[in-house]
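Trainee: Before I ask anything, here is the structure I am working with.
The values are calculated or read from the model by the stated rules, or taken from the named source; none is laboratory data. Only a predicted model underlies this, so the values are computations on that prediction, with no experimental measurement involved. For neighbour counting, all protein chains shown are included, and Cβ atoms are generated from backbone atoms with ideal geometry for every residue, glycine included.
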Amino acid sequence: MIVAMQDVATEDQIQAVIDHLVQLGFEVHRSTGARQTVLGAVGARPEVDIAIFEVLPGVQEVHRISSPYKLAGKSFRPEGTIVRLANGVEIGGKEVIVMAGPCSIESHDQIFLIAEQVADAGARVLRGGAFKPRSSPYSFQGMGEEGLKLMREAADKHGLLVISEVMEISQIPLILPYVDILQVGARNMQNFNLLRELGKARKPVLLKRGIAATIEELLLSAEYIMSGGNYEVILCERGIRTFETYTRNTMDISAIPIVHKLSHLPMTADPSHGTGRRDKVPPMARASVAAGADALLIEVHSNPDKALSDGAQSLFPAQFTTLMNELRVIAPAVGRTIR
């Protein structure tokens, strides 16, 4: 149930509605926008008469939500969510935020060089994996905490923020001091215990769509995080598995406008994992911006042919610079900007 309060509702009136909902067994989530407070009521008895709340002082309207995702749905925050970070970075605002860097942090020299290169090209966030979920147990698994330290230092030196993947609950307290955004990979999109714990974190979470997940399943996974009180969730389309084998995955560009219609959460596109092919990353990145992506997640490596992971889908720095210049032409056509 969604209870939209009048823009002139007093704090006492809002609290009275919250108290009434709690008495009936609802768990209440409050969203305060620029003009209006919206209360999301989750749980309790489905047969509760919404007319009870329509007549309470300060209430503008009440809606019974039939979709299984209550907090991730558009009606919870009709104006949309903007995830505000340091350095003036806002995901979900007018600027399309580009997050770029290597698949894996490999060494001091590697991450510092790439951080400089992507920052010079206009990226706002440095991406890189310190803990890598690999299909083979014999593949490079990441540098762990040492990699996180190096990435944080490199990002700070070049005025960038940091995003890195968390794979399990025990890694959360280890990663938190080093990152600005916690990333949940496709393999963990339905790791509900991990999502519940991230709901207790007070840092933004970028949630990638699973390789065989529907859009509704992605939104329900976001609901797990939000139900814990963390509303700073960023969704990410990174390609799904289909019968096509030419690309690593099938990049579902249509998911971007669909999610914007169904949810208030910002939407990111990852054309690197979406295609798995370096030559296909730029066209899919351009298409994602045109389709309304709020951010891009792109793999860049100074020497991708010798990368320890995902070299085939990583752009050379010069290619990334060219792509950023192309995106600066496309973004204004859809009312957006890129630094």
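Trainee: Say whether the condition of being modelled with pLDDT under 95, closer than 19 Å to ARG127 by Cα and more than 13 Å from the chain's Cα centre (by Cα) is met by at least one residue in region 159-167. I'd like the intermediate steps shown before the answer.
Mentor: Taking region 159-167 and keeping what is modelled with pLDDT under 95, we get 167.
From what is left, the residues that are closer than 19 Å to ARG127 by Cα are 167.
From the residues that got through so far, the ones that are more than 13 Å from the chain's Cα centre (by Cα) too are 167.
Yes, region 159-167 has at least one match.
Trainee: Continuing with this model, one more query. I'd like the full set of residues that are in contact with a Pro (Cβ under 7 Å, 6 or more places away or on another chain) and β-branched (Val, Ile, Thr), limited to region 148-186.
Mentor: ILE181
Trainee: What's the total number of residues in region 50-66 that are touching a residue at least 60 places away in the same chain (Cβ under 8 Å) and surrounded by 14 or more Cβ atoms within 10 Å (Cβ to Cβ)?
Mentor: Step one: of region 50-66, the residues touching a residue at least 60 places away in the same chain (Cβ under 8 Å) are 62-65.
If we keep only those that are surrounded by 14 or more Cβ atoms within 10 Å (Cβ to Cβ) too, we end up with 62, 65.
Total meeting the criteria: 2.
Trainee: Can you work out which of the residues in region 253-274 that are touching a strand residue (DSSP E or B) at 6+ places or on another chain (Cβ under 8 Å) and without any contact (Cβ under 8 Å) to a residue 40 or more places away in the chain is farthest from ALA290 (Cα to Cα)?
Mentor: Step by step, filter region 253-274, then rank; the result is GLY274.
Trainee: So, in region 31-49, of the ones that are more than 15 Å from ILE14 (Cβ to Cβ) and surrounded by 15 or more Cβ atoms within 10 Å (Cβ to Cβ), which residue ends up modelled with the lowest pLDDT? First the steps, then the outcome.
Mentor: Taking region 31-49 first, the residues more than 15 Å from ILE14 (Cβ to Cβ) are 34, 42-49.
Subset that is surrounded by 15 or more Cβ atoms within 10 Å (Cβ to Cβ): 42, 44, 48.
Numbers: VAL42: 86, ALA44: 62, VAL48: 83.
Here the residue is ALA44.
Trainee: Please find, among ARG30, ARG77, the residue that is farther than 30 Å from PRO332 by Cβ and of a type outside the set (A, V, I, L, M, F, W, C).
Mentor: Working: ARG77 fails: farther than 30 Å from PRO332 by Cβ.
Sole residue among the options that is farther than 30 Å from PRO332 by Cβ and of a type outside the set (A, V, I, L, M, F, W, C): ARG30.
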